[in-house]
Every structure is written in C-alpha cells, then in structure tokens.
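Below: one structure, written as structure tokens.
Computed from the coordinates by the stated procedures, all read-outs in this text should not be read as laboratory data. This one's a predicted model, so the numbers in the text were calculated from it and none came from an experiment. Neighbour counts are summed over all protein chains in view; Cβ atoms, including those assigned to glycine, are modelled from backbone coordinates with ideal geometry.
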Amino acid sequence: MRVKRSFDHRTLGSEVVLASSAMAVVAAMWLTGWLPAVERSTGDLLLRTPSLPRPEPPIVAILIDDAAVAQRGALPWPRSRLARLVATVDNLGARGVVFDLILSEPAEAAGDLGLAEALAEIPHVLGAAMGDGNSWLLPLEVFGGADAAAHVYGEVGPDGVVRTIAATKQTGGLSLPSLSLAAARLLRPQIPVPAGVELRPEFRPPPQDIPSFSASTVLDGELPENTIRDRIVFVGVSATGAGDQFVVPTGPRHAPVPGVLAHASVAASVLSDRLIRRPGGGWTAVAAFILALAVQALRSRRGTFDLGRFSILFAGLGVIAIVALHLGLVLLPLATLLTVVVVSALLREAVESRAAHRESGRLLQSLLEHIDARSSDDRVPQTASRRLEALQRLQEGVLREDATRRALLAGMAEGVALWSADGELLEVNPAAEKLWGGLPRLGEIESVLDPATGEGTLKRAGRELSLQTSALEGGLLAIIRDVTAEHELERRRREMQRLVSHELKTPLASISGFGETLERYELTGDEQRRVASLIRGEAARLQEMVTVFLDLENLGAGHWEGEAEFVDFGELVRGRLEILAAAADARKQSFASFLADRCLVRGVPALLERVIDNLIGNAIKYSIDRDAIEVVVRADNGRIIFEVSDHGPGIPADEIPRLTERFYRIAGAAESGSGLGLALVDEITTWHGGCIIIESETGAGSTFTVELPAAGED
Ligand code: ADP
C-alpha cells in the first residue's frame, strides 16, 4: 500500500519559489519600516562590538562644563575669556582649534579683537549654523568668516540617533563642510570634501572616550604638560541645558552626548579611516536571495532544520558581519539577512507541514481501510480531534493484529525466526527458541543451507532440526522443524524391513525346508523326531527374535513410561540365577555370585530381568563347559553395579564398540543368536539412566558391567 505524494518539496523549482516568496515577505517588511528599524539597531550593535585597536588620533576636547560655568559665570562667555582659552591652547602647542560655538554676533569690541588675534595665531575651524531663512549664521569676518566656517549638524535618524554626517551642507548658495571633516583637514589637508555625500563614521573612539578637560582647568593653567601638544583641540559646551546634544551609536546607551564630543569622535573616525560603507540594495537583494536558496537546499538535503544548525548559521552570519565591519569597514545588513534565513525556513516548514498534514491524513485513512474495512466509508479526518480518534482506532487495530500474529506464532509447533537485511533478529517464536535451545543464530543457519533450495538440517542438543528458509524483504525467514521423531521412525522402518527381509527369511526357509523333508521322504520315527526338534528350534529362535524386537520397539515407543518402581537389584538377580541354573547345569557350569543387600534402583522389573537373562545367558552360551561364571551386584558411589564375568573365548577389541548395534553378531560365533540381545541390554540400560561397559580379552574371557543410578526409597 502506497500513498502518492501530492507535493514534492525537494525539487529545485519549489526551492526557487520558496526562496522568492521569502524575499517578497522581507521586501514587505522593509516597506512597512519594521525591518529598517531592526536593521538600525543591529547596525548599532555591530558598531559596539570590540574592534582591533588602532592608533589614537590626536584629538582632545575642552568642555565648558557645569564646573566651568559655576566658577567663571553663565553662558555665553565673554569673547575675551574665549580669547584667553585659545591663547592658552596655542601656547601649549596645539595644532589647531575647532570651535563648536556660533560666533556670528559681534560682542564687545575689545573681546572680539582679542579673540580674532588669538585665532589668527592658530589654524582654526569655527561652527556655523543655519539661520532663519536661506542663510548661514557665519563666524564674524574678523574670525575668518566663511573661510573658517563649518556646519555643526549631524543627520538625526527616525529613532533620534545620529549615524551619518553630511560631508557638506548648502544653503543660500554657500556650501560648508562638516565641522568634523574640516577639523580633520587641519591635520591632513589632503582629505577630500565630497559634496552631497553622507559620511557614515564608525564613531570610534566613542565620544565619551575622547580625552577632555574642563575649560576652567585650562583657564587656571592647571592643564598637565603635553596633554594638547600637536593635537587638534575641540572647544564646545557640555554644561547642562546648553549646547547641542547628540545620541550616537557608540555613545552611552540611549543617552545623548555633548555635540562637541560627537564631532570630535567623527573627526577621529575620519582621521583613522573609519568611515564605513553599506552594500547597495542590489547586492543586498542578491545576497539575501542566495541565502534564502541555501536554506532551502540545506533543508531539503538534510530533511530537517534543527535549532542547532539554525544557531550555527546565525552565529556564522554574525561573525561574518563583525569581521566585514572591522576588517573591511563594510556594514552588512545583518538583520535583513537573518530575517531572510528565518522567513525562508519558516515558509518551508509551513508548506511542508501543510503537505505532510494532507498526506498523513490520507495515509491514516488508507491504513484504517487496510486494518478495518468498515473505515472505508469515513472521510479523511481533517481536524486534530478526528485524527486523534482515527489514530486511536488505528492503534487498536494494529495492537489487535499484533496480538493475533503473536498468538499464531506462539501456537505454532514449528519454530519461526526472521532476520532483517542487516542481520538483526526481528522475530522469533517460542518454538524456535525451544528447538534451538536459545535464540537461533543466523550464521549457523546459513552455514548449513543448500544455496539452491534454501533448505538444510543440523543437530542441536540431541535433536535433528530441518531448516526451510526464504528471503523476505532483504532479510531471511527460517522455519525450523524437529525431525528427530521422523528420522527415528524412518530408522525403525528400515530395521523392520531388514528383520523381515533378512533375519526372518533364513529361519523360515529352514522351517520350510524341514517341512519339505517330512513331506517328501519316508522317515523313521527317530528321524522324524529330529526334524521336528529342528523345526521347533528354528521356530523358537524366530519367536525369541520377534519378542526381543517387539521389546525394543515398545521401549522406543515409550510403552513402559510410568511403570517404574523400586527394585532390589540383588534380589532380582538372585531370582533369575535360580532359573538360569538349569541351563548352566546342562554345561556343567557354576555361578560364583556376590549379591549385596539393598541395592535399590528405580526401574521396570520385567525389563531389568531381560538385562540379567541376556548377560548371564550369553555367558553360559559363549563360555566353555565347566566354567565358573561370576555374578556381582554391589553399590558404588551412587550407582548400582551389575557385573557378569566368564572365562570364555572373549571378544576381539575392534568388535566391542559394535556389539550393541541391532542384529550385530560376531562373524563365525559358535552359537546361534539374533544379534539383538546386547542391543536390548543397551537400550534398557539407557532407558533406566545407566550404561553398559564391555571389557574383554580374546582367549581370557569377558566382563559385562551394567551401571544404574541407585535409588533411595525415601
Ligand atoms: P546373540 O543373539 O548373537 O547372542 P547378542 O547381542 O547377545 O546376540 O550378542 C552379540 C554377539 O556378541 C554374539 O554373537 C557373540 O558373538 C558376542 N558375545 C556376547 N556375549 C559374549 C560372551 N559372554 N563371550 C563372548 N562373546 C559374546
């Protein structure tokens, strides 16, 4: 059962579509102004990251601060005092002075003259503001007029933060450079003044780090030696409630700094080449699109886009932005790029989860139909609660099927084992474990399989197992059967065949031959008796053979199960010796017996008597006349030992191991027999949990020892 995919989100086409959609969303965010606002804050954050140190530009600031105002008097300060300030600065060896003060109105003549004289001694830049109407409030001509003037503005962003400075500002036909640019040119006149360009300084060192001193310290002559030698000195107001205040990206968070310090910071940025660039809109769009596409490709190749990988991508972009800023002075639109990544990933998740939702609904439905045909009337469950219900039904169905499968497997007499393609055991039923004596091993099974048929047999824990295997979804399914009984039956069938075709045929042929003799010839009374006795002898041999054979069969078929009782083996032997004495007497043989008391075993007396009769019978049969046959019954270390020894011809060593096979007789044995006696002894002994040991020396006699487990009556 397969469900067709309705949306293939792994194709290049869909990746491009999703990446473009992400771009459209981000463009919309730009238009609403939300993204530019985030971009501004992110840019500020980048500017505040620590950067590699560069040589400090020679810039200091002298501030008319609250202390100076308190000591020397309120603003505006008389020009004579400013003149003294300039003269002091000049005397201390400054390279130039930059006034963030507007000196457009004439004041008392002597003061103006003094200031003009002081300024004439030192290169200077003076602030100019835009007045009402279309005009500049320029410094007085005596101070240098338009030639010394520079504008004091910063471009205030929508959030009140100054990030750019206009390189020049124009009004009333006069274009003035920015105060910071003009200040920098006091040291490096070759710095160009590009008209109409927005400078984006790094504001480094930040305004609060520009070395600054109170004007009153300077006027008191308390300025330490060499603090302003060869430096550009910015002069401005920082006293509370007076002078311009700027908020700049690198300033204290959200707090304004005195305009003069902001200008000084910009001039320092210009002098240490810390003017930053932003990539144009086109480049940003291309980079954003590539990123959006990369996210799609990454996502479709990996299948998931986990948080860890997201974070790595984010951190990577952040590091690239920081490196670009501090090495190349390029301010990447980090917020835009990050937003593209997020939107691209979210879009994909949204589209995929919709498709997955639809597909899982269909899958659920078809599974339900598969498990329970009644569900086919239902519609594909759409709502979460319907899905949950459907899932519960599915779970019940699956559990039911699983239980049925397990019950079937558990109830099977055959062992079933299933391995996956990589050799993992997926399924094994109790019968397989029982037959194998643990978990079946794939390697062992494969080693005995016939590659052509996939079948094989092996022996485990005394059982013969047949294996039938077939390939199943790349793995292997094995059916294990116990064929011990089958094989045993087959063996017995063959023995039966042998008995009938071989062993019974010979005596029957003799009987038939004797019968024919009686029929054909006129025999005397004596001759008739002899032939009749021969017929009786053969018939008795046949009878004995059939009896023993049936005894053996009964033993194998479990006929005697449950008939065992406590038997005093010594007593049993004593009883049989009395009966067998007649046969021994006939050959003038005697018994030397030692029968210990209370030699108890658990067994079937009728079977144990067959053991005794056979062993003593053989001793009588195969040993010489007048022999003394020794019979011993004793207990030894938890076993009951029964020994029968004679001094007969003995048995060749190489024949001994085969004596217990059915129908095995030593070629040329003097006496006739069936070859079943010792087989019966062996099987009865084994059935009782014991064993038989045969020791013999040719010419010296034999000892047959039977060991049985001793039994306590309690
Ligand atoms: P059988 O009916 O021939 O006696 P058995 O299984 O009892 O069958 O014995 C198998 C063979 O073992 C006999 O043919 C005989 O040659 C040999 N055999 C058994 N007992 C003795 C013994 N006490 N001394 C010598 N040979 C023996």
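Just in region 545-639: which GluC sites (Glu not before Pro) are loop by DSSP and have at most 12 other Cβ atoms within 10 Å?
Values: sites: Glu553, Glu561, Glu563, Glu565, Glu571, Glu578, Glu609, Glu630; in loops: Glu561, Glu563.
Of the GluC sites (Glu not before Pro), the ones in loops of region 545-639 whose Cβ has at most 12 other Cβ atoms within 10 Å are Glu561, Glu563.
Give me the distance in nm between label points sitting 7 Å out from Cα along the Cα-to-Cβ direction at Ser533 and Glu446, one decimal.
7.3
Would you work out the charge dipole size for region 613-708 about its Cα centre, treating the Cβ of every Lys and Arg as +1 and the Cβ of every Asp and Glu as -1, and quote it to the nearest 20 debye?
Values: 7 positive and 16 negative charges, 36 e Å.
That gives a dipole near 180 debye.
Report the convex hull volume per residue for the chain, counting only C-alpha atoms, in Å³. Kindly include the intermediate steps, with their values, before the conclusion.
Numbers: hull volume 271.3 nm³, N = 714.
About 380 Å³ per residue, rounded to a whole number.
Could you give the distance between the Cα centres of region 299-343 and region 44-122, to the whole Å?
Between the Cα centre of region 299-343 and that of region 44-122, the gap is 45 Å.
Per q in 0.15, 0.18, 0.22, 0.23 1/Å, what log10 I(q)/I(0) does a Debye calculation on the alpha-carbon atoms of region 400-496 return?
Result of the Debye calculation: -0.62, -0.84, -1.15, -1.22.
Count charges around Leu607 for me, please; just the other residues with Cβ under 10 Å from its Cβ, Lys/Arg as +1, Asp/Glu as -1.
Net of charged neighbours comes to -3.
Please give the charge dipole size of region 598-652, origin at the Cα centre, charges +1 on K and R Cβ atoms and -1 on D and E Cβ atoms. Round to the nearest 20 debye.
Details: 7 positive and 8 negative charges, 60 e Å.
The calculated dipole for region 598-652 is roughly 280 debye.
What span do the alpha-carbon atoms of region 417-457 cover on each of the three principal axes, reported in whole Å from largest to smallest?
28, 23, 13 Å, listed from the longest principal axis down.
Could the peptides 211-223, 141-153, 499-511 be put in order, highest first, of the mean number of other beta-carbon atoms found within 10 Å of their residues?
On the way: 211-223: 17.5, 141-153: 19.2, 499-511: 14.4.
For the peptides 211-223, 141-153, 499-511, the packing ranking is 141-153, 211-223, 499-511.
Multiply the residue separation of Gln170 and Glu455 by 0.36 nm, subtract the distance between their alpha-carbon atoms, and state the gained length in nm to one decimal. Write down the numbers at each step before the final one.
On the way: separation 285, 0.36 × 285 = 102.60 nm, distance 10.02 nm.
Gain on extension, Gln170 to Glu455, equals 92.6 nm.
Let me know the charge dipole size of region 441-588 about its Cα centre in debye, to the nearest 20, where only the beta-carbon of Lys, Arg (+1) and Asp, Glu (-1) is charged. Provide the component values of the computation, followed by the final result.
Details: 20 positive and 28 negative charges, 95 e Å.
The dipole of region 441-588 has a size of about 460 debye.
Relative to the first principal axis of the alpha-carbon coordinates of the chain, what is the inclination of helix 525-556, with its axis defined by its Cα atoms, in degrees from 0 to 90 and to the nearest 10?
20
Excluding Ala485 itself, calculate the net charge of residues whose Cβ lies under 10 Å from the Cβ of Ala485, where each Lys or Arg counts +1 and each Asp or Glu counts -1. Working shown, then result.
Working: positive: Arg463; negative: Glu464, Asp482, Glu486, Glu488, Glu490.
Taking every Cβ under 10 Å from that of Ala485, the sum is -4.
Among Ser353, Ala390, Ala509, which residue has its Cα positioned farthest towards the positive end of the charge dipole of the chain, with +1 placed on the Cβ of Lys and Arg, -1 on the Cβ of Asp and Glu, and the dipole taken about the Cα centre?
Ser353
Residue farthest toward the positive end of the dipole of the chain, with Cβ of Lys/Arg at +1 and Asp/Glu at -1: which of Trp419, Ser311, Trp136?
The residue sitting farthest along the positive end of the dipole is Trp136.
Using only the alpha-carbon atoms of region 625-714, report the extent along each of the three principal axes, biggest first, to the nearest angstrom.
Result, largest extent first: 49, 29, 21 Å.
For the chain, find the longest principal axis of its Cα atoms and tell me its angle to the long axis of helix 12-32, 0 to 90°, nearest 10.
Taking Cα atoms only, the helix is inclined about 30 degrees.
Label point 7 Å out from Glu414 along Cα-to-Cβ: which residues of region 471-496 have amide N under 11 Å?
It comes to 478-482, nothing else.
What span do the alpha-carbon atoms of region 236-347 cover on each of the three principal axes, reported in whole Å from largest to smallest?
So the extents along the principal axes, rounded to whole Å, are 62, 26, 21.
Straight-line reach only, C-alpha to C-alpha below 26 angstrom: list the lysines that Lys588 could link to, leaving out same-chain residues fewer than 8 apart.
Lys621
I want the local charge near Ile693. Using Cβ-Cβ distances under 10 Å, sum +1 for each Lys or Arg and -1 for each Asp or Glu among the other residues. Mind showing how you got there, number by number?
Working: positive: none; negative: Glu643, Glu695, Glu707.
Counting the neighbours of Ile693, the net charge comes to -3.
In terms of the Cα gyration tensor, with a ≥ b ≥ c the square roots of its eigenvalues, is region 517-585 rounded because a/c is under 1.5, prolate because a/b exceeds b/c, or oblate?
Numbers: a/c = 6.76, a/b = 1.89, b/c = 3.58.
Taking the square roots of the gyration eigenvalues as a ≥ b ≥ c, region 517-585 is oblate.
Applying a 10 Å radius around every beta-carbon, put 195-201, 419-425 in order of their mean neighbour count, most first. Don't skip to the answer; put the middle values down first.
Values: 195-201: 16.3, 419-425: 13.1.
Result, highest mean first: 195-201, 419-425.
Under the √(5λ) rule applied to the eigenvalues of the Cα gyration tensor, what semi-axes describe the equivalent ellipsoid of region 456-604? Give them in Å, descending. Please list the in-between numbers first.
Values: eigenvalues 429, 195, 21 Å².
Gyration-tensor ellipsoid for region 456-604: 46, 31, 10 Å.
Can you grab the distance from the C-alpha centre of region 484-533 to the C-alpha centre of region 608-632, Å, no decimals?
Each part reduced to its Cα centre gives a spacing of 26 Å.
Roughly speaking, what is the centre-to-centre gap between region 411-451 and region 128-147 when only Cα atoms are used, to the nearest Å?
If you average the Cα positions of each part, the centres end up 102 Å apart.
Take the Cβ-Cβ distance between Leu399 and Phe314 as r, set R0 to 45 Å, and report the resulting FRET efficiency rounded to the nearest 0.05. Can you show the working numbers first?
Values: r = 44 Å, r/R0 = 0.98.
With R0 = 45 Å, the Cβ-Cβ based efficiency is 0.55.
Cα axis of helix 484-498 to longest principal axis of the chain: angle in degrees, 0 to 90, nearest 10?
Rounded to the nearest ten degrees, it is 30.
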